[in-house]
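Notes to accompany the following structure.
The values are calculated or read from the model by the stated rules, or taken from the named source; none is laboratory data. Since the structure is predicted, the reported quantities are computational estimates derived from the model, not experimental observations. Cβ atoms come from the backbone with ideal geometry, glycine included; neighbour counts cover every protein chain shown. Quick note on the areas: whole protein, heavy atoms, side chains included, nothing else; ligands and nucleic acids left out. Shrake-Rupley method; radii C 1.70, N 1.55, O 1.52, S 1.80 Å.
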Amino acid sequence: MKNERMPLYQQIQDYIKELIQSSGLKHGDRIPTEKELMELFNVSKITVVNALAGLSNEGSITRVPGRGSFVNHAKAEAPDAGRPAAHLHEQRENGLREKIIGIVMPTIEDYFSIRLIDGMQKGLLEKGYRSVIQLTGGQLEKEKEAIKLFADIGVEGLLIFPVDEGQYNEEILSMKFSGFPFVLIDRFLPGVETDYIASDGRIGTQLAVDYLWELGHREIAICSDSPLQTVTVQERIDGYMNALKNKGALINPAHIITEFSLRTSDDVQAHPLFRYVKNRMATAYITLNGKLGAHIHQMAELAGLNVPRDLSIITFDDSTAIMEGVTNFTHIKQFEHEIGYQAAELLLNRINAAGEPKGNYSKILIKPELITRHTTSACK
């Protein structure tokens, strides 16, 4: 039954369209259930759900939560109030249908994530939507499970902070092909056009390098303890390298410190990064998250160095900024609350823009700012 050259969701859609025609199904007649289609095509539920969502978007069928999917002929006579399509329409008109958006996040362990979610929820609540959050722990399989769970719940769209672009999540690709509305946050999938919003990482590191250079620093290190070389990490490193090249400086590979882990429970003084800090291999550090900046600050103190007299630190995602302006770290302000708010706004526009041309995706980059505080000073 399968055509290997045709996407599975499209095979399901073509099968249903042919079934409607060949069987003479009328407006309001039920089509095969999700379970029956899963068994027939040997596919996951999300593939079936996305196929049905695509048919629903184009008006071929009507889906009724808890009851099934039904034929919807545009030229057919208006169904009476007892029919499923009329019941669903009545629910929507009267605002009785729950409007829920799914949010998929790796963790909520820093103020960056908290402010991001706060912005999303503000944008959703203003339009009468509620949210349900699933955490993936940075694991691809859990991200897939979260998307499948939201498909079972019947959410109207998804806001996703994806795990990693290096291992494409086929569930995300399936949603793209079926036209199911979602927005990616902070990371995108290279080569795959989707709605996406983030802070401009290249500008962020350029601001940091330019400022440190003005202070006289020439040995500037950039550090990331991300277990994955995500597109966000790579963009920030690219910005760092370009900024140095623009100043005619040579790139020291030893100053690009990545692919290491650093946990609170670790013996800090036994960590390779501690020796790097203690030996003053660099006079300034740009850390790609606030927690790592705090770790390097601790290492400097244990090594008998003073921040900022002996060592300057600039962080992304300042972890000490509980309230606006309350921070000790010089940092790159990414406007995460605004990112979350605009992500919600973009998603709801997609959901409510019925009939809008497919493939017209938005890539929004928020311009960051450098906030100077107490962890940077002139190089001595």
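General remarks:
- LYS17/ASP110 FRET efficiency (R0 56 Å; Cβ-Cβ; nearest 0.05): 0.70
- Under the Karplus curve 6.51 cos²θ - 1.76 cosθ + 1.60, θ = phi - 60°, whole-Hz ³J(HN,Hα) for the stretch 107-122, x wherever Gly or Pro sits: 8, 10, 10, 9, 6, 4, 5, 4, 5, 4, 5, 4, x, 4, 5, 4
- For MET241, the solvent-accessible surface with a 1.4 Å probe is about 50 Å², rounded to the nearest 10.
- Efficiency of FRET between GLU301 and GLU369 - r from beta-carbon atoms, R0 35 angstrom, step 0.05: 0.80
- Accessible-area composition of the stretch 269-314, carbon plus sulfur, in percent [1.4 Å probe]: 48
- Given charges at beta-carbon only (K, R positive; D, E negative), |dipole| of the stretch 113-156 in Debye: 120
- Kirkwood Rh in Å, taken over all unlike Cα pairs in the stretch 140-297: 17.7
- Amide H contacts under 5 Å for ASP225: LEU288, restricted to partners 5 or more places along the chain or on a different chain, H placed in the peptide plane at 1.01 Å from N.
- For the stretch 367-380, Karplus couplings with θ = phi - 60° (6.51, -1.76, 1.60), whole Hz, Gly/Pro x: 6, x, 10, 8, 10, 8, 10, 10, 10, 9, 7, 5, 6, 10
- Out-of-range pairs (alpha-carbon distance over 18 Å; input LYS17/LYS99; LYS144/LYS176; LYS127/LYS367; LYS35/LYS99; LYS142/LYS291; LYS176/LYS367): LYS17/LYS99; LYS127/LYS367; LYS35/LYS99; LYS142/LYS291; LYS176/LYS367
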